[in-house]
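The values are calculated or read from the model by the stated rules, or taken from the named source; none is laboratory data. All of these numbers come straight from a predicted model, not from anything done at the bench. Cβ placement follows ideal geometry from the backbone for every residue including glycine, while neighbour counts extend to all protein chains displayed. For the accessible areas, the whole protein counts, side chains as well, though only heavy atoms, and no ligand, DNA or RNA atoms are used. Shrake-Rupley method; radii C 1.70, N 1.55, O 1.52, S 1.80 Å.
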Amino acid sequence: MPSSPELNIALIGCGTVGGGVVRILQSSADLLAQRTGRTICLRRIVVRDVKKRRNLELGQIPVSDDIRTVIDDPEIHAAIHVVGGVNPARTDVTNLLQAGKDVITANKALLYAHGSELFALAHQLGRTICFEAAVAGGIPIISAVNTALTANRIVSIEAILNGTSNFILSRMLDRRQSYEDVLTEAQARGYAEADPAMDVDGTDAAQKLSILTQLAYGTTVPLRDIVRQGIQHIELLDLLVASELGYRVKLLATSRISKGRLELSVQPTLVRNDRPVALTSGADNIVSIEGDAVGLMRFSGAGAGQMPTASAVLADVIDYATGRAAITFQSLQRLQEREPIPLQPQDELSRRYYMRFTVADRPHVLADIADILGRNEISISSVRQDETADVDDESGVARLVIMTHRTTEGRLREADAAIAALSSLRGSRIRMPIAD
Ligand code: NAP
Ligand code: HSE
């Protein structure tokens, strides 16, 4: 970390988050100087398309599409890396570190895929990587796990970690808008990834859960070890039925130690509507984290969007400028020195479930489904089917919602596959766990 009064930084990426970084650097220059005792100077910007209009006052700051302008500039101390995707991000961050630059990044896809390798390289080179903005947007959860909660053994994390999907689920229910319309709005607001499939299929939340799990428990978790399901197949009907039954549907990310095993899942989940996680709406995130000494802590707030995310990036810049970040980053290695925790096999995860089917409105359909559930030792807690029109032929369809008693993911998967093979099945079906 340089000790000169001027801190020269470069910005790699000047889109949603990068634009927010520029705004805070400009609007809060005095505050940043007062809090760091340094003058933070944005010396260079690198983007993909230098001709793009940006609605920012960039003055004389050189803007290039070549990252070598930063790598080769000996005056630059650190780079703020706010570009998405794994490539060329991996190469760029590697080259920045090797050129003696410290890195502040918001890229969780990169950290999930190559974090260990990049952290090892940074440690070897005596460099620092800061990544507060990579998980839960403006919520200071990385700082909490890496510093404030380090006297604890973490026993559970239950979280909403994707702002886009939370925005979609909230808006669909509150405004009766279609999934497609709300997704378009989330993109326009700058919440979604460049490829929004990562938001809605649970990948983004699973990457963040993997990063948090590694920091909290010292265990590396590949995505294949996380039960993962997205929100793409949820219909407004599911949200309405859940609401009538006293629940909200949330894309819940869970990482919990139970009987010495680590349970991991990212799934749309029915949550009792008076619980804080159910009350977390819009693009907000929440992280409930339980430590053995501190008990249950909750952190909530904006999980995506320009200014909240830029706030987290600038918090890293301040920590970096004062020297705190280097100390925290060095101590991360010690935090990671723990015995790996065995994983709970996915099929043995035990929960209650919500199941919704669209079926032919004819005799014996409900009996067939109940029979399959019974043969898989799944006990039904409630059944709901709204009255349907009386039609003479077989064209009628019915929506059937079944809530089960506690069962395992494995039994439910077997039953679901058998139900899917019934000739009476029509259209989509969905199953979601219930968090009691
Ligand atoms: P964005 O709006 O799409 O901006 C990406 C920026 O990167 C653009 O300025 C783009 O240049 C530039 N870029 C793309 N490829 C590049 C390359 N090869 N070299 C140099 N610049 C390149 O994305 P964003 O929403 O700001 O997200 C940036 C990162 O922050 C991602 O990793 C994302 O996951 C993470 N993040 C985002 C949020 C959020 O709410 N948006 C929250 C937390 C974390 P052009 O402008 O010329 O196209
Ligand atoms: N696309 C991400 C989200 C941005 O919606 O949560 C914040 O990481």
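What the table below lists for this structure:
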item	result
For ALA122: the one exception among (1) over 20 Å from the mean Cα position of the chain (by Cα); (2) open to solvent by 20 Å² or more (accessible area, probe 1.4 Å)	(2)
Residue satisfying condition, being open to solvent by less than 10 Å² (accessible area, probe 1.4 Å) and at positive phi, within set GLY246, GLY260, GLY202	GLY202
Matching option when the condition is open to solvent by 30 Å² or more (accessible area, probe 1.4 Å), among the charged types (D, E, K, R) and either within 25 Å of LEU296 (Cβ to Cβ) or not assigned by TED's automatic domain parsing to the domain that holds ASN273 (or both), among ARG176, ARG189, ARG153	ARG153
Looking only at segment 190-204, and only at residues there that are assigned to a helix (DSSP H, G or I) and under 17 Å from ASP284 (Cα atoms), the one that is nearest to ligand 1 (Cβ to nearest atom)	ASP204
Test: residue in segment 60-72 that is open to solvent by 40 Å² or more (accessible area, probe 1.4 Å), farther than 15 Å from LEU314 by Cα and assigned to a helix (DSSP H, G or I)	yes
Residue tally, condition part of a loop (DSSP other than H, G, I, E, B) and surrounded by 17 or more Cβ atoms within 10 Å (Cβ to Cβ), over segment 45-55	1
Test for ASP371: is it outside any loop (DSSP other than H, G, I, E, B), under 28 Å from the mean Cα position of the chain (by Cα) and acidic (Asp, Glu)	no
Scope segment 380-427; condition touching an Asp or Glu at 6+ places or on another chain (Cβ under 7 Å), in a strand (DSSP E or B) and of a type in the set (Gly, Ala, Ser); matching residues	ALA398
Check on ARG298, within 30 Å of ILE104 (Cβ to Cβ), open to solvent by 70 Å² or more (accessible area, probe 1.4 Å) and in the same structural domain as LEU149 (by TED's automatic domain parsing)	yes
